[in-house]
Every structure is written in structure tokens, then in C-alpha cells.
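> The structure is given below, and queries will be raised subsequently.
Only the coordinates and a few stated rules stand behind these numbers; no lab work does. Nothing here was measured: the structure is a model prediction, and the numbers come from that model. Glycine also receives a Cβ, built like all others from the backbone with ideal geometry; neighbour counts cover every protein chain displayed.
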Amino acid sequence: MAGLTIDRVSKRFGDYEALSNVSINVADGEFLAVLGPSGCGKTTLLRMVAGFEKVTDGRIIIGGETMSTPERNLPPEKRRVGIVFQNYALWPHMTVAENVGYSLKVAKVSRAERDRRVAEALSLVNLTGYGDRRPANLSGGQRQRVALARCLVSAPSLVLFDEPLANLDVHLRAAMEDEFADFHKRTGTTIVYITHDQAEAMALADRIAVMDEGRLAQLAPPRELYREPANEMVASFISQGIILPADVLTAAEAGHCRVRVLGHEVLVRCRPDESPRAAAKLCCRSPELEAVGPSEDGIPVAIKRVVYQGGRARVELSPVERPDLNLHLEQADPVTLVAGVEARVRIRTGWLIPEARNAP
Amino acid sequence: MAGSIGGVRNSSDLVIPASIKRGFPSEWVLTGLVVAIVVILSILPMLRLVQEIIAPGGRLSIAAVEAGLSNPATWTATWHSLVVGFGGTALAVLFGTAVPILISLTDVRGRSAFVLCFVTPLMIAPQVTALAWLQLFGPASPLLKLLGIAPPLGSRNPLYSAQGIILLLGVQYGPLVFLMVRAGLRKLPRELVEAGLAGGASRWTVLRTIVLPLMTPSIIGASALVFVSCVGNFGIPAFLGIPANYLVLPTLIYQRLAGAGPSALAEVAFLSVLIGVIAMVGIVAQDIISRRRDYRIATTSLPVEPFELGRYRVLVEAIMWLIICAILVLPMLGLFLTSLVPGYGIPLSFKTVTLSNYSFVLFDHAAAKSAFFNSSVLSVAAAVFAVLVAVPLGYFIAWRTSWWSKVLNLTVELPYALPGVVLAIAALLMFLKPIPLIDLRIYNTVWIILYAYLARFMVLALRPTVSGFHQIDRSLEEAAQVAGAGFVMRLRTIIFPMVAPVAVAGGLLIFMTAFSELTVSALLWASGSETIGVVIFSFEQGGDSSYAAAISTMTVALTLLLMLASNFLARHLPNGVLPWRD
Ligand SMILES: Nc1ncnc2c1ncn2[C@@H]1O[C@H](COP(=O)(O)OP(=O)(O)OP(=O)(O)O)[C@@H](O)[C@H]1O
Ligand SMILES: [Mg+2]
């Protein structure tokens, strides 16, 4: 087992800075998910950890051993990390068993031992009896399980996944998710898992690193990421948070403060060091908004769209006075709101996004 | 399904009255024309050849086969053909696999320049290659004389041997393997290599156990192609083998025909079918082997990250350019220097250097003069005709896929897949007597050569055109169809402009190949219809190497100029149409 330290790592391709100053500490046995929009540098980060790309700046340490510095790059074949690719990357000219046993063969493990461990790895991914097949004759999910077995067979201390489920259909994805979680629990391997499926990341990971344009936007456990986003990007990226302008009226007290948002005073959650300021941002989740009756105290809004989603509807709306802001909430059956009319909503609570500080 | 699509098309034509008259029937006229051309150029000659073997004069007989099989010269030449065929293929594969691996998987610099230089021998006619190497190593070599290391005059040129033939075949066709393996390596997803590295394998192990096995389909395909080319090659064994009396099948055919004239036709027909059979066996064997190894790589991904050679990089680069020196620069230098000496064995110096060889072949020698004219007209005509036919033909093959368009494609491939000698003999047989009904006689004229060129090189324009069609969105044509344009109208205004760049590039390849072609014209020429290839060959056979070198130098210069000029076209072309563009 080994922890992973990514220490102020930057990566430039020519003039283009794909990663800048990323620091992540992954504890021994931790499951870290990396989440972010397309092109934000997730794959690049993973390839640097595996040793396929050199770092431009910073260090990468695996299990206490420095693997990458700008001067020295331990080649991938010496790192003993496992990697599972999105496109499986199974060798078409080898059988399933040969694919899985490749690293053992390279390490000159004896034939009998090799067969035993291959069988073990295949049973671990529920593919016993598939050893003689060719990868071309397997389904997508089976291929990905072979790829997983191939990476597990040499018992690596660190396993990297690059969107391993992106090519699979929804049902298979759920099943594979369970298998990954199970595998992690059983072996306690340190895992770095890239995905752009938030639900997947939340379901699997101990902590999630959100990346944005080559920077680390936030590194936190799933619940904290959802409830206490560190900045606007994370707030809006995770579960489509609603960002609203607000003025902070009181200093933080027991984790809460009063803010004025859209003309109404609301008690919201906040960091303990908040103090009154103007032009702050509030992050609300759709369950934190509720529609109220016309006579009750609420923000007048215009309803733009109602999408029925079975048992409930997603309602998109804008405040009458601020038509540039987009809000959404969910209304359970019976759905009473219809597009084109005015209604009132109330903000029950929210999270005050901390003031942007200059990077340390 | 096809019927219903056809029905839709017809009814849309009905809506626009103007196109009923022109659009619909003209499509059938054009289709008929294209099919007729293919039949005349590909199917008839092959049928005629087969008829000569099994039923000469209209009656079934195996006398020709028996006579051929009982002749020991047949067996010697067959054995020699196999020796140089396998030898040349082995060398070309060795060479053509190692080099692309080196330049595709490592961080050597100057790749495009290297690829350009490495592929150039493929564009130079084999007899010119042969002449250049002969001039480089022979006792009269001006280069060796300049360096003072020439063997004494009268000593035997080491290239006059089976080994010499194998060496030059390897140099000539190595680039063919190179191109196919390089294309294969480009499609190799980097994850397949990286998964191996992550599994703890060294780069060397990954190369051995992953990259090379995955390249075997490319390598096997290329081997078959090269084998057929080696077995069918005439220029190299003609220059290197005939002086050593080392005859292969194509040179044996040439000698018989040159010695006995049309009376030897039955015998050479058998020999040419024999070459055809050997070539076919090669192709079929490749097909069987590659079917068992179908490692189709389906995923698309970035190509493999180059391996850093570190301090060995300079060494590897030096070796690469030494190879270029050996296979391209030195032979061409030898050729050029030979073209400047006034006579055989005279050392080159500032006193002796002369351009008289050039002026002689350009202005004084009647056959050479007419050869320049003939070859220019022949190659331009072949190129233009092929482009004009390739566009509608490519259209049927690429966009109207039905069983007969596939048959059409195979039919056009056949005369090129088979060695040129086979086609030449077939053409001879077809046109020895005047064409019936119209009583037209093209035997012993330049027209029979044109016919053979058209048949043989058509596919060089067709292949890029078909791949061009595959890259174009078919809805562009359908939009024109909906707008009411009939077939010929669409062909002229939409289809032709879209595929013109690829088709023209194909025409360029035909021009370059046909301009100094020898195999076909050596068997079909007559006084007055000499080609450049034939004249080079005659000069060399008559001992006038300097004249041969002068003409060859000019053809090489023209080839290089065209390759450079084609860069202007390159922007409009899909990858891989111009082999020398990396
Ligand atoms: N070898 C390279 N050379 C130049 N630019 C590169 C290279 N590899 C990646 N990039 C660039 O770096 C940026 C990050 O790429 P990366 O593949 O890491 O994104 P990603 O977060 O994995 O995206 P996705 O979710 O789409 O897979 C992209 O803008 C990409 O174009
Ligand atoms: Mg990626």
C-alpha cells in the first residue's frame, strides 16, 4: 500500500499550461475521485502520476519515494502502479488470460504461479472461465473487468482509473460501480479515479478533487463538496448549484450568519470567520428553495419552464426583478406550477461562498 | 433496399421534367461506358491469355503447358524468381519494419525530411535504380575513381549476381513496407503500449510482445505486395541478371521474345501465366495468414508517445541519414557523375567533365528524341484518361455499393496486382492480329503501349479517388439531387470538383510511374515507339552507360521536381495519398 503526494505540480505543453500548481495528498488506502469539466487536465494529471508524462514543475511522491521531478522521471515500468483506461486497452493479439498474466510474465513469474494468480484475478472480477477468449469476443463490461483484472494481478499499491465506465451503459455502470467499491473495501488499495460523472464520484470516493482549467478548485469529502463549496465554480459545477448575489449582514455565529438576498433576509450556513460584507455570493441547492402561496412572504418569480420527471417536476424560474438570474426547484406531485405565470418562492437557507482569497 | 432507393431517385427526377431527358438515361450511358472500359482493359486481356494457354487457336490443348513444363530453362528461371522474390521481400521487410519503428516510436528529429528521402527510391524507376547502383560500384565508377578506390577496369561488377538483385529489390521496395507499417503504427493507440509499461515491461519487451505482434497484419500485407513486385520486376534483374546470365521469369520472357519474335508467343504466354500464378499464390497466402490474425484495432486514440532516446538520439539520427546516403544520395551521385564523363572508364576531372552526353541524347540520337516525345505523350494520356475514368468509377465503387461495384474494383486491381509482364503478353496476344470488324492494327505502334499503360495504371488513380469519396459526406451529392441536378450535372458540378484533388494526385502518380516505365514497353515497343525506359535499357546493353545515365538523371530530376511541386496540392489531399508526404 502506498500514499500519493502530488506536490505543486505544473504541466506545460508548449505554451499551453494544462496544469498549474496542483497539490493533492492521497492517504494510504484512500479512494480519491477527480472530477472536472472536459479538458481540465484530469487525464494529464493521471498520466503524470503513472509516469507517461514528465512534470514541468513540482514533485510526485508515491509510497514515500519521489517518482517525478522536473529533472528526473522514473519510467512507468518501474513505478508499480496499475492503470485502467477508458478504452480498456486490451491487447487484441492475446487471450484474456495472456492479457491478465502479462505483467507476471514480464516479471518472470513461474508458469504455475502465473496460472494460479491469473485465475484468482479473473475470479475476483467474476470472469472465471473466460481465460481462453479473445478480447474481441467480450462485451464492453467484460472487457473493462479484464482490464481491471490485468491491473490487479500484480497487486499494485496504487491503481489509477481514467473514466473506466464512460463507455458503458447506465445499468452496467451501476453494477461496475459496486464492483469497484467492493474491490476497494476488500484490498484497501489506494485509488485515484477519474470521472466526469458526479454521482459516480460521490458514490465511490472518500474525497473528491474538483479541477477547473488546470487548477485544483476544491478537495473535500463528497458531503462537504455538496454542502460547503469553496468557490463559485465548485458551487455551480456540483449538482447545478444556484448562485445568488447576497450582502452579509451579521458576523458568523455558530456557523450561521444573516444575509440579504433578492430583498429578503435569510439565515444561512457559513464559515466561522465570516464578517459583514457586500457583493457576496450565496449557493443554494434546489431543495433549499420552496414555492409558497401568493399571500405568503416570498420572492416574486416568473416560471420559465416546467419539466415533468415522474413523481416530480423540475421548475425553472427567474426572479421578476432579476430576469438574468436562473433558479430551479423541484416540486413533487401534484405539480401546480405552470410555465408563463408568476409565483412566489422562499429561500430557506444556503451556503455563503467564502470570499475569494488570492492563492497562497 | 437498393431497388427502393433507386425508385426514390427516379421519382424525384420525375418531379423536375428537365432532368428526365438528360439526367436519367445519361447515368446509364455513363455506367455502361465505365463497365465497358473496365471489361476492355482488364477482363478481355486476361481471358485472351488464359485462352492461349488452354485452348490455342480455339481447340483445347495442354501442349503449351507440357512444352513449358518440360523445358529446364523454365525451372531454372522459376527457381531464380523465387530466390530473388523471397530474398528481396525479406530484405525489404526487415528494412521497412525497423525504420518506421525507429522514427515513429522515438523522438528522432527531421522526420518528414527523412520520410521524403526514404520513400524516394520507390518513385524512381527500377532500371534507373539498377543503373545508378551499377555506376556506383562498377570498375568505371567515377565516384570510386575520384576517391581512388575503383576496382581495376575489366573486373566484374559485384552487383551482377543474385545477391545484387536481392539488395536492389530490397532498396526499391523497402519503402513500400515502410509506408504500410508506418500507417499501422500511427493507428496504434497509445494505451496499448502504456498498459504494457504500467505492467512493468521494459520498452524493448513492449516492442517485442505488443507492438510487433500488432503490426503483423501490416507487415504480412506489405510482404505479399513486395513479393509480387519482386517476382514481377523486370528492370533490376534485366540490368543485373542478364549480364551474369542469371535469368528470372520476366527476363527469360524478354529474351525469348527478343530472340524469336511472335513465334515464341505460345511459350512466353505460358511463362507469364506462371508468373501470374506465383503472384496469386503470394496474394492468397497473405489473405489466409492475415485472416487468422485479425487484430483490428477499433479504438481511436492519440498515437504512441515517442520514446526519448536521450544521448543515443544523435547516434540514431546519424545512422538514419547514413542509410539515406547509402540508398539514395550515393547511387544518384554515381548516376549523375557517370552522365558527365565523356566515355567508359575515363576518370572525371575538371578537364574531362562534359555535358555532351546530354546534348547527344536530347538532340542527336533519333530514337532517344522520339522516346522523350513518346513517353511524355503516353504518360500524360494515361494519367488524364485514368483520372477521367477514375471519378465515375470511384463513385460507383464507393457510393453505390453493390456486388457488381466490388467486382468492378477487383477487376481494375487485377492488371496492377499481377506483374506487368503478364499484362504485356496479354496485350500482345490480343493485338497481334488486327482488331476484327474494324480492321485496326495497333501491334508495333505506340497505341498498344498506351493500351497496356491504361490497363495497368488505372488503379493508381482509382485507389486515392475511392478513399477520397469515402471521406466526403454523401449528403453533399444528395443535396444537389434534391435540387434537381441530374447525374451528369452532379458529376460535373459537385462530384468532380470534390474529388478532383485526390484524382489529380493519382494522375500524378501515374505520370511519374509511366514516364520511365520499362517492363511493359520493353515487350511491346517497336522502332518508332521507343519509350524512355527502353532507350535507357538499350544504351546500357550496348555499353553506352553515360548516355543511359544522362537520360536517367533527367528522369530522376523530373521525378524530384514533381514531388516538390506536388506539395502545392498536398493541402487539399487526405493523408497518405502522396506516399512521400509524411
Ligand atoms: N500531448 C499533449 N500536447 C498538447 N496538449 C495536450 C496534450 N495532452 C493534453 N493536452 C491538452 O491539455 C488539456 C487537458 O487535457 P486532458 O486530456 O488532461 O483533459 P481531461 O480533463 O482528461 O478531459 P476529458 O474529460 O475530455 O478526458 C487539453 O486542453 C488538451 O488539449
Ligand atoms: Mg481525459
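> In whole percent, what relative contact order does the range B:253-403 give with Cα contacts below 8 Å and a gap of six or more residues? Mind dumping the intermediate values first?
Working: 34 pairs, mean separation 11.6, N = 151.
RCO, the range B:253-403: 8 percent.
> Report, to two decimal places, the Cα Rg of the range B:23-572 normalised by 2.2 N^0.38 Å (N = number of residues). Each step should come with its number before you reach the end.
Working: Rg = 24.5 Å, N = 550, 2.2 N^0.38 = 24.2 Å.
It is 1.01.
> OK, next. Got a sec to turn the phi values of the range B:423-429 into Karplus ³J(HN,Hα) couplings, 6.51 cos²θ - 1.76 cosθ + 1.60 with θ = phi - 60°, whole Hz, x for Gly and Pro?
5, 4, 5, 4, 5, 4, 4
> Return the subset of A:K281/A:K304; B:K145/B:K351; A:K11/A:K54; A:K78/A:K105; A:K42/A:K78; A:K54/A:K78 for which the Cα-Cα distance in this structure is over 19 Å, preserving the input order. Display every interim value, and only then the final one.
Numbers: A:K281/A:K304 23 Å; B:K145/B:K351 15 Å; A:K11/A:K54 8 Å; A:K78/A:K105 15 Å; A:K42/A:K78 22 Å; A:K54/A:K78 14 Å.
Among A:K281/A:K304; B:K145/B:K351; A:K11/A:K54; A:K78/A:K105; A:K42/A:K78; A:K54/A:K78, the Cα-Cα distance tops 19 Å for A:K281/A:K304; A:K42/A:K78.
> Using alpha carbons only, what's the Rg to Rh ratio of the range B:34-100 with Rh from Kirkwood?
Working: Rg = 18.6 Å, Rh = 15.4 Å.
On the Cα set of the range B:34-100, Rg over Rh gives 1.21.
> Could you give the dipole magnitude of chain B about its Cα centre, charging the beta-carbon of Lys and Arg +1 and that of Asp and Glu -1, in debye to the nearest 20? Walk me through the intermediate numbers first.
Working: 35 positive and 24 negative charges, 127 e Å.
The dipole of chain B has a size of about 600 debye.
> Moving to a separate point now. What list do you get for B:C117, A:C270 if you sort them by fewest beta carbons within 10 Å?
On the way: B:C117 20, A:C270 26.
Arranged by neighbour count, lowest to highest, B:C117, A:C270 become B:C117, A:C270.
> Hey, could you grab the Kirkwood Rh for the range B:405-461? Inverse mean 1/r over distinct alpha carbon pairs, Å, one decimal. Present the calculation step by step, with values, prior to reporting the outcome.
On the way: mean 1/r = 0.0825 Å⁻¹.
The Cα-based Kirkwood calculation yields 12.1 Å.
> Still on this structure: Let me check I've understood the local charge: for B:A505, count other residues with C-beta under 12 angstrom from its C-beta, Lys and Arg +1, Asp and Glu -1. What total comes out? Please report the intermediate quantities before stating the final value.
On the way: positive: B:R463, B:R571, B:R581; negative: none.
That works out to +3.
> Under the definition of Cα pairs under 8 Å and six or more residues apart, what whole-number percent is the relative contact order of chain A? Can you show the working numbers first?
Numbers: 790 pairs, mean separation 53.6, N = 360.
Taking the mean separation of contacting Cα pairs over the length of chain A, I get 15 percent.
> A follow-up question, please. Round to a whole angstrom and tell me the spacing of the C-alpha centers of the range B:53-119 and the range B:319-377.
28
> Something else now. If you count, for every residue in B:210-216, the Cβ atoms of partner chains within 10 Å of its Cβ, what is the mean? If you can, show how the numbers build up before the last one.
Values: counts 4, 0, 1, 4, 3, 1, 1.
Neighbouring Cβ atoms belonging to other protein chains average 2 per residue here.
> Can I ask one more? Helix-only mean residue ellipticity at 222 nm, the protein assembly as shown, DSSP H runs n ≥ 4 weighted -39,500 (n - 2.57), per residue, nearest 500. What is it?
On the way: 37 runs with 495 residues, N = 942.
The helix-only estimate for the protein assembly as shown comes to -17000 deg cm²/dmol at 222 nm.
> With both partners inside chain A, how many of the DSSP beta bridges are antiparallel, as a percent to the nearest 5? Working shown, then result.
Details: 60 of 79 bridges.
If I count the DSSP bridges inside chain A, around 75 percent turn out antiparallel.
> Which far-off residues, 5 or more places away or on another chain, put their amide H under 5 Å from the one on A:E17, with H placed in the peptide plane?
Residues meeting the amide H criterion: none.
> Another question, then. Within 11 Å, Cβ to Cβ, of A:A313, how many net charges do the neighbouring residues add up to if Lys/Arg are +1 and Asp/Glu are -1? Spell out each step's value before the answer.
Numbers: positive: A:R305, A:R312, A:R314; negative: A:E316, A:E330, A:D333.
Around A:A313, the surrounding residues sum to 0.
> First check a/c for the range B:185-342, with a ≥ b ≥ c the square roots of the eigenvalues of its C-alpha gyration tensor; if it is under 1.5, answer rounded, and if not, answer prolate when a/b is larger than b/c or oblate otherwise.
Working: a/c = 4.16, a/b = 1.57, b/c = 2.65.
It comes out oblate by the Cα gyration axes.
> Normalised by the residues of the range B:23-572, what does the relative contact order come to in percent, with Cα pairs under 8 Å and at least six apart? Walk me through the intermediate numbers first.
Values: 781 pairs, mean separation 119.0, N = 550.
Averaging sequence separation for qualifying contacts and normalising by length gives 22 percent for the range B:23-572.
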